[in-house]
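Below is one structure, written out as structure tokens; the observations come after it.
Values quoted throughout were computed directly from the atomic coordinates according to the rules given, and no laboratory measurement underlies them. What you see is a predicted model, and the numbers here were worked out from it, not measured in a lab. FYI the Cβ positions are ideal-geometry reconstructions off the backbone, even for glycines, and counts take in every protein chain you see.
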Amino acid sequence: MLMRMIIINIINDDPTHEGIEKMNRMYLALFLLVFSFQSLASESLTIFSGRSDKFVKPVAEAFTQKTGIKVTIHAGKSAELLSKLKLEGNRTDADLFISNDAGSLQQGSELGLFSTLPDNITNIIPKNYRAPDDTWVGLSARARVIVVGSKSALADSINSVEQLADKSLEGKLGITSATNESFIAGVTVYQEKWGDTKTKDWLKGLKENAGKNVFNKHSHIVKAVAQGKLEIGLVNHYYIYRHLAEDPKAPIKIILPDQKPNQIGLAWNVAGIAVSKHSKNTKTINAFLDFCISEEGQKIFAEVNREYPTRAGVAASPEVPKAGSYKVADVPMASLGKKRNSTVDLIEAVGLR
């Protein structure tokens with residue numbers, strides 16, 4: 001209706017040949033604008049996601065609300081989804097791959113499953129948070145930290161992950177399953193900084209101290225410490241803050257480990273995104289990538305997940321320690337994939353499951 005009124009007004013103002021030509025050009029421009037919007041809105045994206053839905057859906061839903069583009073998420077274990085991508089080859093319907101682990105992203109790159117990302121995406125994300133060949137970028141970062149009961153004597157005596165292997169912690173420690181991607185990535189960082197022998201001895205101590213206190217989720221460790229069933233645990237930082245958001249008076253304390261001058265700094269990891277090399281959905285994919293690294297998208301990661309945005313200048317949630325206020329181990333995120341097999345071999349040699 002609006003288009004028709006505009007055209008009628010143009011003809012009334014100038015009924016000459018030039019006026020009609022002007023009307024034709026206006027009509028074509030409006031038609032292309034409407035067609036472009038409808039075309040983009042009718043598009044859809046399929047994401048293979050190695051992250052829990054609760055971490056991915058808020059971003060996907062905000063993107064759909066803004067663009068009208070439907071996003072379908074197939075969630076699973078990152079390793080299984082990489083195998084699926086490899087097996088399906090050019091028959092896959094996956095446009096994007098998301099993982100909560102830089103190691104899995106790097107392994108996908110080395111398997112040749114991803115396309116090179118455009119410069120306008122990679123140039124925004126710091127080099128340490130992306131693949132050496134720019135086939136994936138980190139979207140949000142997290143720290144490996146220690147949760148301890150605030151009433152425990154350990155709250156004032158623990159300052160390093162090395163101490164988690166001390167015999168005095170036998171039966172007091174909680175860890176995740178050794179197949180957990182964050183656990184593996186953390187061990188890779190320690191392996192890079194300490195070497196194989198020291199890391200293997202540390203893993204043995206960890207196994208002895210944890211005993212049967214091995215959990216499938218970090219949140220269960222935090223809960224067990226808050227309930228006094230355990231005194232200490234090794235977790236990703238945001239699980240502690242999510243617990244405190246629900247129970248502000250929970251008797252737990254966060255320890256940022258290895259901050260002294262002679263210590264390595266805490267282990268860091270990123271969740272990130274890559275493009276399936278077989279996807280032809282370039283325009284829609286780029287729109288989603290743009291949104292994920294935009295200030296709006298990065299703020300969702302910060303506010304909903306309590307992770308650290310990888311885009312410079314976007315603040316993390318005010319509850320978490322400010323980025324840059326603590327020391328991080330200087331291990332490139334790509335190393336978490338390059339060293340993955342060596343780390344898994346070390347873990348299995350110790351008998352951790």
Pairs of alpha-carbon atoms within less than 8 angstrom and 6+ residues apart define the contacts here; what relative contact order does the chain have, in percent? 25
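Let me spell out the model: positive unit charges on the Cβ of Lys and Arg, negative unit charges on the Cβ of Asp and Glu, origin at the Cα centre of the stretch 83-136. What dipole size does that give, in debye rounded to 20? Mind dumping the intermediate values first?
Details: 5 positive and 8 negative charges, 18 e Å.
The calculation lands at about 80 debye.
When T343, T116, T197 are ordered from fewest to most other Cβ atoms inside 10 Å of their Cβ, what list results?
Details: T343 25, T116 15, T197 9.
Ascending Cβ contact count within 10 Å gives the list T197, T116, T343.
In what sequence, highest mean first, do 309-316, 287-294 appear when ranked by Cβ atoms within 10 angstrom? Mind showing how you got there, number by number?
Details: 309-316: 18.2, 287-294: 20.2.
Averaged packing, sorted descending, gives the order 287-294, 309-316.
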Fewest-first ordering of V71, V275 by Cβ atoms within 10 Å yields V71, V275
Translational diffusion coefficient of the stretch 167-297 at 4 °C, 1.567 mPa s, Stokes-Einstein with Kirkwood Rh over Cα pairs, in µm²/s as a whole number. 75
Once the Cα atoms of the chain are picked out, what are the Rg and Dmax in Å? 24.7, 94
Considering Cα pairs under 8 angstrom that are at least six residues apart, work out the relative contact order of the stretch 201-353 and quote it in whole percent. 21
Only sites in a loop by DSSP and with at most 15 other Cβ atoms within 10 Å count here; which trypsin sites (Lys or Arg not before Pro) in the stretch 52-154 make the cut? K77, K151
For the stretch 220-340, what is the Kirkwood estimate of the hydrodynamic radius, computed as the reciprocal of the mean inverse distance between distinct Cα atoms, to one decimal in Å? 16.9
Full extension from I73 to L111: what is 0.36 nm times the residue separation minus their Cα-Cα distance, to one decimal in nm? 11.5 nm
To make sure I understand the rule: partners must be lysines, Cα under 19 Å from the Cα of K127, and not fewer than 8 residues away in the same chain. Which ones qualify? K327, K338, K339
What ranking of S335, S168 emerges when the number of other C-beta atoms within 10 Å of each C-beta is taken as an exposure proxy, fewest first? S168, S335
Whichever aspartates and glutamates have a C-alpha closer than 15 Å to that of K299, once near sequence neighbours (fewer than 8 apart) are set aside: E61, D290, E307, E319
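Add -39500 (n - 2.57) for each DSSP H run of 4 or more in the chain, then divide by its residues: what number comes out at 222 nm, to the nearest 500 deg cm²/dmol?
Numbers: 14 runs with 162 residues, N = 353.
So the calculated ellipticity at 222 nm is -14000 deg cm²/dmol.
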